[in-house]
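The values are calculated or read from the model by the stated rules, or taken from the named source; none is laboratory data. For clarity, every value in this text was computed on a predicted model and none was experimentally measured. Every residue, glycine as well, gets a Cβ built from its backbone with ideal geometry; the counts of neighbours run over all protein chains shown. Areas reflect the complete protein model, heavy atoms only, side chains present, ligands, DNA and RNA absent. Shrake-Rupley method; radii C 1.70, N 1.55, O 1.52, S 1.80 Å.
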Amino acid sequence: MPFLPRWLLMLLPFALWGTAMAAMKPLLVGAGPLTLAWMRLVPAGLLVLLAAALLGRSLRVERRDLGWLLLFAAVDATLFQALLAVGLGQTGAGLGSVLIDSQPLVVALLARSLFAEAINPVGWLGLLLGVLGIVCLGLPAPLLQHWWLEAPSSLGARAWSHGELWMLGAALAMAFGTVISRYACRSSDPVAITGWHMLLGGVPLLLASALAPLIWSGAPPFWPQWSAQDWGLMAYASVFGSALAYGLFFTFASRGDLTGFSSLTFLTPLFALVCGQLLLAEELRPLQWLGAVVALISVLLINRRQQLWEGPGDGG
């Protein structure tokens with residue numbers, strides 16, 4: 001594939017995730033987190049499997065990949081989506097998005113240990129700059145201005161609520177899931193594996209969502225009473241924010257430089273902010289512009305770390 005179309009496709013999942021988070025947030029008013037999680041996963045998994053079949057790809061899961069697929073589904077689909085949905089409803093002041101978008105650090109450590117991917121000082125600098133970039137993009141200015149002395153008071157009682165812990169757990173689940181996906185795709189088609197993992201991972205969430213009202217009287221209803229606009233937001237989060245985004249993400253993650261590709265996660269909050277600016281006329285603060293520049297530099301450093309570290313004359 002030519003360079004430009006390939007990079008556009010690589011960036012697309014992160015752009016879709018950045019907008020899908022905004023689409024899902026208001027849906028939690030009329031539905032529980034488990035309902036939101038399975039409605040995002042199950043239809044998306046079916047769509048990915050249908051697309052794979054129409055493209056002539058094999059839906060067969062080889063025996064050596066089956067155990068890894070089940071682990072992949074449990075960690076990246078069931079656990080990640082449940083933690084994300086719960087955290088999304090409890091997270092305040094942008095801390096949750098910063099935590100979940102910091103997962104490239106964990107992916108880099110795992111890829112270095114398991115796949116012997118070289119990071120080198122340039123790569124580590126890029127990873128640290130990426131975290132700095134998403135901090136500037138996601139955290140409010142009052143917190144950064146008074147970080148050491150006034151962080152709790154500047155954000156209120158929800159400064160470090162339980163929502164941030166759920167989001168941190170989701171970030172770790174996605175990082176481990178990204179690495180596990182490589183083992184699940186050793187002999188099977190990555191698109192089919194992506195579809196199966198979403199479908200299999202969504203079933204426990206669906207069952208838990210259906211049983212919760214029967215066990216607990218205060219549980220949200222299994223089937224939400226949403227407006228047509230709400231169902232449109234849910235369809236967007238499932239079709240584009242899950243089926244298309246995860247299909248592309250795990251296809252690219254199954255090959256090539258896992259650390260470099262995962263670093264594009266640092267751009268997710270940037271896409272969300274740009275979307276807000278274009279569609280909602282929101283203005284970016286100077287601190288957010290700085291964060292955007294730093295995030296872009298970090299991605300460049302991580303993906304060009306080998307060339308920058310070796311220099312133009314040392315690549316032979």
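Taken together, A22, A118 contain a single residue that is under 30 Å from W309 (Cβ atoms) and at pLDDT below 80, which is A118.
Residue pairs whose Cβ atoms lie under 7 Å apart, separated by 6 or more positions or on different chains, with the first residue in the stretch 181-203 and closer than 22 Å to A85 by Cα and in contact (Cβ under 8 Å) with a residue 12 or more places away in the chain and the second part of a loop (DSSP other than H, G, I, E, B) and open to solvent by 10 Å² or more (accessible area, probe 1.4 Å), are S181/S254; W196/V61. Of everything in the stretch 246-262 that is assigned to a helix (DSSP H, G or I) and farther than 27 Å from V42 by Cα, the residue that is modelled with the highest pLDDT is G260. Of the candidates T265, T251, T259, the single residue that is β-branched (V, I, T), open to solvent by 10 Å² or more (accessible area, probe 1.4 Å) and out of contact with any strand residue (DSSP E or B) (no Cβ under 7 Å at 6 or more places or on another chain) is T251.
Across the stretch 211-227, the number of residues qualifying as within 26 Å of the chain's Cα centre (by Cα) and open to solvent by 40 Å² or more (accessible area, probe 1.4 Å) comes to 3.
Each row is one residue, and each column tells you yes or no for (1) closer than 16 Å to S254 by Cβ; (2) open to solvent by 10 Å² or more (accessible area, probe 1.4 Å).
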position	(1), (2)
P2	no, yes
G18	no, no
A37	no, no
L47	no, yes
V61	yes, yes
F72	yes, no
